[in-house]
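Before any comments, here is the structure.
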Amino acid sequence: MYLLKNLLNIFFSLRTTLWLLGFSLVMLFAGAFIMPAHDEFQALHSSPLFEWIQNQPLKVTWWLWGLIGILSVLTVNTLLCSIESIINKRKVTQWLLLISPQIIHVGFLFILLAHLLSGLGSSQVMAAAGEGSEVKLSGGDTVLRVGDINMKYDSYGYLTDWDVSVEYLSDGNVLHRDIIRPNQPSTRMGFNINVRDLRPYPVEAVLLQINREPGALWALIGGILFTLGIVTLILLKIRMEK
Amino acid sequence: MWILALSFGAYLFALWKRPLLYVGLVLQVVYIFSRGAELGRLPLVGPHDTLIFLAASMAAFAAAFAYALKDRSRFLNSVAVIAALFTAFAMTTPQQNSPLPPVLKTIWFECHVVLAFMSYALFGIAAVFGGVYLKDRQTSFEGLGYRAVLIGYCLFTLSMIFGGIWAYLAWGTYWIWTPKELWTSILFAYYSFYLHARLRQWWIGRPMAVLGIAGFAITMFTYLGVSLLMKSSHSF
């Protein structure tokens, strides 16, 4: 019982938060020097993080394992500290001041959830294609056909704009037509299809990048919550000082 | 370029005549707007333009923070020296005058970059407050440094969110494993540590001042070191 109480006290402590943030910094610093020095990381985007990491030598991934472990403990610590803060200060009149740091924490946890989901299920496939080429999308019988590739250049020869029309086909039938433009991917069936690169000759061709990113929506929700919380906190602090 | 030379001189001579800091700022704002009008886009690509924007942002934030100070000479002098250094460095780097690639022509990119450099400037202001606190031991300096970090952290968070949205639209993923993203995470974790540490009494004072100074060193490496020395989506 005494041991359990001590353990809970550790998880409820701000001091633990600081240690965990400190350790996560150490892991990130290590990764910042290990990552550029090893080619293994070039393939990190082609498969989910948790699948990739299991097939790599520990000498290049130990900091990522460490970071995952620290973030797991930090998640528990964040949840417990937020709950404790709300319970202890529930009678304060400035409830916005109480709740805004907790909104920041919830936003942070959603961002971690996003990375967890992406780490488990993201994928990235590159495919070179010309006009009329077909690319099979994984996990079904749907095929992506590339239509017209249009590129616009200025008088100096700089590419100023482009668009690529695509069709989704199943058994030869067109399911959907779309146009990919800069910063306007084609999103369908959980895929996010972008044009990574374009080549004007000898024949017009594109390098398609087909992504699946299951954490994207959660990352956006987390980011919005985090921002709402921190903006509210700053505004309240300014108002209190006035 | 002569506007830049004048602004550099104004920042340096602000050590003797403080209003020249504001003259330097106005000259750089004129330079940034004239570059924008000439290029027909936001002039925030490459080290030349970003260093000027960083110097001007630091001077502008310093002017705002100076209102809260009784003795502002050491603070403003330090900012003037840093702004002059950034300006001098910018003058040695080439301008990037080519049109933006289509993928960079989006409001997400513009918000991402502007907010990132404004947050860097605020982290720089916090470092200056840390420095003057270590010298003068006035608690107001340390408190203002904390405020600069808090606002900078908010802008930095927004910048990362806009960057994530842009990356998702441009490349299909909100997170790319490159050294820049990793150093950005380091910066985010570092200032998260800073803000949490300040909730504990032990850290208030000298430790926070030192953390503020070290934070700006990490900021500068994330900005210049990674972009110049390492291969990433943000390389110059």
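The values are calculated or read from the model by the stated rules, or taken from the named source; none is laboratory data. Computed from a predicted model, the values in this text were never measured in an experiment. No Cβ is skipped: glycine too gets one built from the backbone with ideal geometry, and neighbour counts run over all protein chains shown. Each accessible area value is taken on the protein alone, full model and side chains, heavy atoms only, with ligands, DNA and RNA left out. Shrake-Rupley method; radii C 1.70, N 1.55, O 1.52, S 1.80 Å.
Miscellaneous remarks
- Of the residues making up the range A:8-50, those that are among the charged types (D, E, K, R) and either in contact (Cβ under 8 Å) with a residue 12 or more places away in the chain or at the interface with chain B (Cβ under 10 Å from one of its Cβ atoms) (or both) are A:Arg15, A:Glu40.
- Of all residues in the range A:17-26, none satisfies being in contact with a Pro (Cβ under 6 Å, 6 or more places away or on another chain) and modelled with pLDDT of 85 or more.
- Taking every residue in the range A:231-242 that is in the same structural domain as A:Trp95 (by TED's automatic domain parsing) and pairing it with any residue that is among the hydroxyl-bearing types (Ser, Thr, Tyr) and part of a helix (DSSP H, G or I), at least 6 positions away or on another chain, the pairs with Cβ-Cβ distances below 6 Å are A:Thr232/A:Ser100; A:Leu233/A:Ser100.
For (1) buried (at least 22 other Cβ atoms within 10 Å of the Cβ); (2) more than 12 Å from chain A (Cβ to nearest Cβ), each residue gets a yes or a no:
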{"position": "B:Asp49", "(1), (2)": "yes, yes"}
{"position": "B:Phe53", "(1), (2)": "yes, yes"}
{"position": "B:Ala66", "(1), (2)": "no, yes"}
{"position": "B:Ser78", "(1), (2)": "no, yes"}
{"position": "B:Ala84", "(1), (2)": "yes, yes"}
{"position": "B:Leu115", "(1), (2)": "no, no"}
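- Meets criteria (closer than 30 Å to A:Arg188 by Cβ, at the interface with chain A (Cβ under 8 Å from one of its Cβ atoms) and open to solvent by 40 Å² or more (accessible area, probe 1.4 Å)) for B:Trp175: yes
- Residues in the range A:116-141 that are buried (at least 18 other Cβ atoms within 10 Å of the Cβ), of a type outside the set (A, V, I, L, M, F, W, C) and not in a helix (DSSP H, G or I): A:Ser122, A:Ser123, A:Gln124.
- Answer residue from the range A:212-232, given it is at the interface with chain B (Cβ under 8 Å from one of its Cβ atoms) and crowded, with 22+ Cβ neighbours inside 10 Å and is farthest from the chain's Cα centre (by Cα) among those: A:Ile230
- Unmet criterion (only one of (1) surrounded by fewer than 22 Cβ atoms within 10 Å (Cβ to Cβ); (2) in contact with a helix residue (DSSP H, G or I) (Cβ under 8 Å, 6 or more places away or on another chain); (3) within 12 Å of chain A (Cβ to nearest Cβ)) for B:Val149: (1)
- Matching residues, the range B:162-172, being open to solvent by 20 Å² or more (accessible area, probe 1.4 Å), out of contact with any Pro (no Cβ under 9 Å at 6 or more places or on another chain) and under 18 Å from A:Leu117 (Cα atoms): B:Ile165
To keep it simple, each residue is scored yes or no on (1) open to solvent by less than 30 Å² (accessible area, probe 1.4 Å); (2) closer than 28 Å to A:Ser186 by Cα.
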residue: B:Thr106; (1), (2): yes, yes
residue: B:Ile125; (1), (2): yes, no
residue: B:Lys135; (1), (2): no, no
residue: B:Ser140; (1), (2): no, no
residue: B:Thr157; (1), (2): yes, yes
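- Candidates B:Ala148, B:Ala116, B:Ala170, B:Ala121 - the one that is of a type outside the set (Ser, Thr, Tyr), farther than 27 Å from A:Leu21 by Cβ and touching a residue at least 24 places away in the same chain (Cβ under 8 Å): B:Ala170
- All positions within the range A:146-172 that are free of Cβ contacts under 8 Å to residues at least 24 places away in the same chain and either hydrophobic (A, V, I, L, M, F, W, C) or assigned to a loop (DSSP other than H, G, I, E, B) (or both): A:Asp154, A:Ser155, A:Tyr156, A:Gly157, A:Tyr158, A:Gly172
- In the range B:87-107, the residues that are among the aliphatic types (A, V, I, L, M), assigned to a helix (DSSP H, G or I) and farther than 17 Å from B:Phe8 by Cβ: B:Val103, B:Leu104, B:Ile107
- Restricted to the range A:173-203, and to residues there that are farther than 20 Å from A:Val143 by Cβ and in contact (Cβ under 8 Å) with a residue 24 or more places away in the chain, the residue that is least open to solvent (accessible area, probe 1.4 Å) is A:Leu198.
- Checklist (1) within 18 Å of B:His112 (Cβ to Cβ); (2) modelled with pLDDT of 90 or more; (3) basic (Lys, Arg) applied to B:Lys180, failing item: (2)
- Every residue from the range A:54-68 that is among the hydrophobic types (A, V, I, L, M, F, W, C) and open to solvent by 40 Å² or more (accessible area, probe 1.4 Å): A:Leu58, A:Trp62, A:Trp65, A:Ile68
- Residues (open to solvent by 40 Å² or more (accessible area, probe 1.4 Å) and not in a helix (DSSP H, G or I)) located in the range A:3-51: A:Phe12, A:His38, A:His45, A:Ser46
- Here B:Lys135 meets each of (1) under 25 Å from A:Asp197 (Cα atoms); (2) part of a helix (DSSP H, G or I); (3) of a type outside the set (A, V, I, L, M, F, W, C) with one exception, condition (1).
- Unique residue being under 30 Å from A:Gly190 (Cα atoms) and touching a helix residue (DSSP H, G or I) at 6+ places or on another chain (Cβ under 9 Å) when the list is B:Trp166, B:Trp203: B:Trp166
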